[in-house]
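In what follows, a structure is listed as C-alpha cells, so that the remarks can point back to it.
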Amino acid sequence: MTDQAPDALDRLAGIAAGSPLDTLRRERPQTRDNVQASYAALFEAPDETGITQSERLAVASFVALLHGGPAAEHYLGLLEAQPEGGKLAELVRRQAERGATEGPYGAYPPGPLSREDVAGPIFKVEVADRVALGERLATALEHTHQLVFHLRDAKPDDFAPLKAASWSTPAIVTLSQTVAYLSFQIRAAHGLQVLGLHALGV
Amino acid sequence: MSSITLDRPAAKAPNAFTQAELGWNAWLDPVPEEALTERQKEGLVDIARAKSPYFRLLAHDPDILRARTLADKDIFYNTRSGLPRAERELAAAATSRSNGCIYCASVHARFATTFSKRREDVQRLLDEGTGVDLDPRWNAVIEASVALTATPIAFGPEHVRKLRDVGLDDLAISDLIHSAAFFNWANRLMLSLGEPEIG
C-alpha cells in the first residue's frame, strides 16, 4: 500500500493522518499493510472464487449491521452503488433487524462443557424475503448469522444448504473469510477508536 | 465433499479445553498438496503449511490467505516493544475460550504457557473460563479480550483504564486489541470449516 491509498481501518476507526493513533498504527507497518491488503483482496480485487461483488458487500453489510457501529454505513454505501444495490441494501437491513441478538452463544460437544451451553436463536430468512434475495444469498446470510453469533454450533452439515444453493468450496472459503475478516476489522476499529479517545499520546 | 472427510468417528473430537496437541480435519476438501499452484503456495507464506489441511483449504482463495497470514505473523511475532508475546497469546486463548474454539484455545494456551511459564494459570483459564481470577494484569488482559469478543462489542474506556493501570502503554493496548480482534477472525474459520481431533 502506498501512503496515498485510503486505509479502510483508518476510515472506520476515524484515524486522521498524523494523529497519535496513526503514529501508533505505523509502528506495525506489516500489520497495517496486510490488514488493508486483506480488505483489498476481499472487496477490490476481481472475483476468482465465484462470489460476486454484490454478494460480498451484502454479506459484509449484514455482518456490520449485526455488530452496530460505523462499518455498516461504509459497506451499505458500497452495496447501494452496485446494480440493484438499493433494493438489496434494504433487504439486508431488514434481515439484520430480524437477526439482532447477542453473542457468542451456542453448544459445545456433549461433555463437561455442556453446562456452559447457551441457547440462542437460529436465523432463517422469511419466505417472501427469500424469494427477493434469491436462495443463494438467503442461505449465505443464514450461514453468516451463525458465524457471527454462535460459531461454536458449527457442524459438517452446515455446508449442505450452501452447496444446494450452488456455493462451491472456493466460494464458501471466500464467504467465510469475508465474515471472519469483518469480525476482525469491526473489533479492531472499535478498539482503536476507544483507545484514541483515551490515549496518553504516543 | 468426499465421504472420507465426513465419515470420521465423532468420538475422537475433544469435548473439553486442553493444552494438549490436537489434530484438525476439514469438512470441505482442501486443495490437494500436489495440486497447489504457485500462487496458492505464495498464499501459504510458509511452504511447511502445505502439510496442514486447514491452510490448504484456505488456499482456495490465496490472496486473502496470504494477507491474513502476514498480518497474523506480525500481530503475534513482532515483539519490538508493545505487549509481550505471552500476553498476546493469552489474549488469543481468552478470545478462543470465549467463542468456544477448542482447537484455537489449545494452540494459543500452549504458547501462553511457553512464553509465560505459568502453565497452571493458563490451565485455570481453560478449566474455569474467562471469569477466572489470576492476577490484576492477566485479569485485565482476559477481560478486555472477552469484551472485544462480545457481539455487540462491549469494550469501552473502562477496559483501557484498567489496562493502563496494570502497566500497558498505548502500543501494548493496541497490540492486545489486534490480538483479540484477530482471533475473532481465526476462530470463525477454525470452528466452521472443520473440527479438532484428539491426537
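The values are calculated or read from the model by the stated rules, or taken from the named source; none is laboratory data. Keep in mind the model is a prediction, meaning the values are calculated, not measured. Here the Cβ positions follow ideal geometry from the backbone for every residue, glycine too, while neighbour counts run over all protein chains shown.
Identify the residue in segment A:7-27 that is surrounded by fewer than 21 Cβ atoms within 10 Å (Cβ to Cβ) and within 8 Å of chain B (Cβ to nearest Cβ) and, among all such residues, is modelled with the lowest pLDDT. Out of the qualifying residues, it is A:P20. Residue under question is A:Y108, and the condition is that it be in a loop (DSSP other than H, G, I, E, B) and either crowded, with 19+ Cβ neighbours inside 10 Å or of a type in the set (K, R) (or both); does it hold? Here the answer is yes, as A:Y108 does meet what is asked. From the list B:H159, B:H178, the one residue that fits, being buried (at least 24 other Cβ atoms within 10 Å of the Cβ), facing chain A (nearest Cβ under 7 Å) and closer than 21 Å to A:R25 by Cα, is B:H178. Within segment B:14-31, the set of residues being small (G, A, S) and more than 9 Å from chain A (Cβ to nearest Cβ) comprises B:A20, B:G23, B:A26. On inspection, A:L113 qualifies as part of a helix (DSSP H, G or I), within 12 Å of chain B (Cβ to nearest Cβ) and without any contact (Cβ under 8 Å) to a residue 12 or more places away in the chain. Among the residues of segment B:42-85, the one identified as charged (D, E, K, R) and modelled with pLDDT under 95 is B:R80.
Per the listing A:L192, A:L147, the residue uniquely over 22 Å from B:R97 (Cα atoms), facing another protein chain (nearest Cβ under 7 Å) and either in a helix (DSSP H, G or I) or touching a His at 6+ places or on another chain (Cβ under 8 Å) (or both) is A:L192. Hey, any hits in segment B:2-22 for a residue that's at pLDDT 95 or above and not in a loop (DSSP other than H, G, I, E, B)? Within segment B:2-22 (the criterion being at pLDDT 95 or above and not in a loop (DSSP other than H, G, I, E, B)), the answer is yes, since at least one residue qualifies.
Here B:D133 passes the criteria (1) within 26 Å of B:E197 (Cβ to Cβ); (2) more than 8 Å from chain A (Cβ to nearest Cβ) except the one numbered (1). Scanning segment B:59-79 for residues that are under 17 Å from B:A92 (Cβ atoms) and of a type in the set (V, I, T), we see that the one that is surrounded by the most Cβ atoms within 10 Å (Cβ to Cβ) is B:I75. Taken as a whole, the condition of being within 12 Å of chain B (Cβ to nearest Cβ) and either of a type outside the set (A, V, I, L, M) or buried (at least 16 other Cβ atoms within 10 Å of the Cβ) (or both) does not apply to A:L76.
Determine, yes or no, whether B:A144 is in contact with a helix residue (DSSP H, G or I) (Cβ under 6 Å, 6 or more places away or on another chain), facing chain A (nearest Cβ under 10 Å) and surrounded by 17 or more Cβ atoms within 10 Å (Cβ to Cβ). Yes.
Those residues that are touching a residue at least 60 places away in the same chain (Cβ under 8 Å), of a type in the set (A, V, I, L, M, F, W, C) and surrounded by fewer than 23 Cβ atoms within 10 Å (Cβ to Cβ), I need them from segment B:108-141; list them, please. Scanning segment B:108-141 gives a single hit, B:L126.
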